[in-house]
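Quick note: the coordinates plus some simple rules give every number you see, no bench work behind them. All values reported here derive from a predicted model rather than from experimental measurement. Cβ placement follows ideal geometry from the backbone for every residue including glycine, while neighbour counts extend to all protein chains displayed.
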Amino acid sequence: MSAPAEDKLAAIFARKRRELAARGPRVAAHPRPAPRDFTAALTQPRPGQPINVIAEVKRRSPSGGDFPHTDLVAVARGYEAAGASALSVLTDDVDFGGCLEDLLQVREATGLPVLRKDFLVSPQEVEESAALGADAILLIADALEDGELREMVAAARASRVAALVEAHTQAHAERALQAGAELVGLNNRDLATLRTDTTTALRVIPLLHGRARAFVAESGLKTPEDFRAARAAGAHAVLVGESLLRDADPGRALARLLAPGDAP
């Protein structure tokens with residue numbers, strides 16, 4: 001029996017903790033490739049584009065169901081050609097149909113920095129992500145205790161991997177900053193209920209102005225107007241996935257959003 005929507009985030013993290021306890025450390029089969037600068041990808045403007053974009057590849061999601069794309073490498077290459085600044089790869093298997101092999105293949109096939117997007121619960125997983133070639137990892141402040149968050153941010157710094165710390169509320173964004181986060185994502189989607197309010201990032205980011213190296217607006221962004229509003233609020237980048245993945249050609253969909261005529 002599936003968990004009620006209001007318990008979704010807690011259920012995912014409980015599962016992740018069980019999975020981590022049941023397995024041993026992962027050992028990378030190959031030497032770690034040279035890290036790519038994820039932070040620079042978010043903060044260096046691209047002329048003619050309304051904002052920098054982290055474009056996401058995944059097979060399915062709890063809120064969006066299955067997406068009509070099985071060749072994630074082809075999708076990632078389409079994003080790169082369209083002007084994406086970085087890529088996000090879902091590696092959770094149960095809810096998103098992902099795996100670590102997806103991360104490895106996408107990174108090898110493109111020249112962009114790659115974010116491992118998952119529900120990480122320990123410094124061990126941060127170190128493993130770096131060893132496997134991730135240039136950045138996602139941490140979710142809403143589901144991690146203060147001590148856990150500080151340890152994982154510190155582990156990312158020690159492993160030379162960027163940490164994008166995601167929050168849904170100002171209070172959790174403050175916790176992310178207190179834990180040492182330099183990259184803060186404001187998620188318009190409440191991961192506990194899966195409800196989306198696209199004004200969330202627009203309200204919270206201005207309240208945190210200047211306190212992180214980069215802010216990212218996440219979820220529910222579908223139009224050039226959404227991109228311009230995010231930048232006007234102080235976001236350096238947006239993370240976009242489902243609206244692109246529903247298109248028959250996700251790369252072309254991104255190119256339309258980033259067309260020079262849509263830049264301010």
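Spin-label model, ARG211/ASP249: points 7 Å from Cα along the beta carbon direction are separated by 4.4 nm. Taking every DSSP helix (H) stretch of at least 4 residues in the chain, weighting each as -39,500 (n - 2.57) and dividing the sum by the residue count yields a mean residue ellipticity at 222 nm of -10500 deg cm²/dmol.
Once the dipole of the chain is set up with Lys and Arg at +1 and Asp and Glu at -1 on Cβ about the Cα centre, which of GLY78, LEU120, ALA141 lies farthest towards its positive end? Of GLY78, LEU120, ALA141, it is GLY78. With both residues required to sit in the chain, DSSP beta bridges show an antiparallel share near 10%.
Applying a DSSP loop filter and a limit of 13 other Cβ atoms within 10 Å to the GluC sites (Glu not before Pro) in the stretch 116-212 leaves GLU145.
Among the trypsin sites (Lys or Arg not before Pro) within the stretch 38-116, not one is in coil by DSSP while having at most 14 neighbouring Cβ atoms inside 10 Å. Divided by 2.2 N^0.38 Å, where N counts the residues, the Cα radius of gyration of the stretch 201-264 comes to 1.16. Taking θ as phi - 60° and the Karplus parameters 6.51, -1.76 and 1.60, the scalar couplings of the stretch 153-163 work out to 5, 5, 5, 5, 4, 5, 8, 6, 10, 6, 10 Hz in sequence order, x denoting glycine and proline. Using a cutoff of 8 angstrom between alpha carbon atoms and counting only pairs six or more residues apart, the relative contact order for the chain works out to 23 percent. Rounded to the nearest 20 debye, the dipole size of the chain about its Cα centre is 380 debye, using +1 on the Cβ of Lys and Arg and -1 on the Cβ of Asp and Glu.
Over the stretch 1-94, Cα pairs under 8 Å with separation of 6+ residues give a relative contact order of 25 percent.
Each listed q (0.08, 0.09, 0.13, 0.14 Å⁻¹) maps to a log10 I(q)/I(0) for the chain from the Debye sum over equal C-alpha point scatterers, namely -0.27, -0.35, -0.78, -0.92.
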